[in-house]
Amino acid sequence: MQASPSPADAFAQGVELPATPACEGHATATPRQTEGPFFTPSSPQRADLRADGNGTLLVLSGFVLTRQCRPVAGALLDFWHADADGQYDNRGFRFRGHLFSDQQGRYQFITRAPGLYTGRTRHLHVKVRAGTQSPVLTTQLYFPDEPGNRRDGLFDQKLLMSLRLAEGGQLGRFDFVLAG
């Protein structure tokens, strides 16, 4: 088994995010979805969940933007998902963590791809908030080309991550656009 690349190694392959995103001046807000039954508040601040278990490395990056395509600095992104066996940790914080976007609105989240759990396609949960007075965007992100996407009643094509294979795992991209 090959060692997983560090995020810096992965981005040395020419996929580092630009300083500003490409945008047409007015973007559609990211669709909201249910938080599901497994949200746990007060996750630890950490952007790297690789040590929480086994599975394929997933490095997800993107921007947090306003509908006017302006980057949102300091936005809170709270991620949680099932482990490789499709189980959620409801007693602790395995595969749970939060981070903040940088001054250009960029974020990078490092984890292991979740497994399937009964009745759902593979997905990540996320809450995004621009500030303490802003509404929270609660949504889910989906993996492209998953057989379960077609039969999952919550699946929304607008919430597909862009993924590409990289040495040791997958590199993903998703830009969040906040409505308010």
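The values are calculated or read from the model by the stated rules, or taken from the named source; none is laboratory data. Only a predicted model underlies this, so the values are computations on that prediction, with no experimental measurement involved. Ideal geometry is used to build each Cβ from the backbone, glycine not excepted, and the neighbour counts take in all protein chains shown. In case anyone asks, the SASA skips ligands and DNA or RNA and just uses the protein heavy atoms, side chains included. Shrake-Rupley method; radii C 1.70, N 1.55, O 1.52, S 1.80 Å.
Below is a table of values for the structure above.
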| item | result |
| --- | --- |
| Strands (runs of 3 or more DSSP E) contained in segment 67-150 and holding at least 1 residues under 16 Å from Gln33 (Cβ atoms) | 76-80, 123-129, 137-142 |
| Test result for Arg94, closer than 23 Å to Gln170 by Cβ, in contact with a helix residue (DSSP H, G or I) (Cβ under 7 Å, 6 or more places away or on another chain) and open to solvent by 20 Å² or more (accessible area, probe 1.4 Å) | yes |
| Close pairs from segment 27-40: first in contact (Cβ under 8 Å) with a residue 40 or more places away in the chain, partner among the acidic types (Asp, Glu), Cβ under 6 Å, at least 6 apart | Pro31/Asp156 |
| Lone qualifier among Gly172, Gly180 - being out of contact with any strand residue (DSSP E or B) (no Cβ under 8 Å at 6 or more places or on another chain) and within 19 Å of Arg106 (Cα to Cα) | Gly180 |
| Selection within segment 135-172 - surrounded by fewer than 19 Cβ atoms within 10 Å (Cβ to Cβ) and of a type in the set (Ser, Thr, Tyr) | Thr138, Ser162 |
| Residue ID - farthest from Leu60 (Cα to Cα), chosen from residues in segment 93-137 that are modelled with pLDDT of 95 or more and among the aromatic types (Phe, Trp, Tyr) | Phe93 |
| Selection within segment 38-65 - open to solvent by less than 40 Å² (accessible area, probe 1.4 Å) and not in a loop (DSSP other than H, G, I, E, B) | Asp52, Leu57, Leu58, Val59, Leu60, Ser61, Gly62, Phe63, Val64, Leu65 |
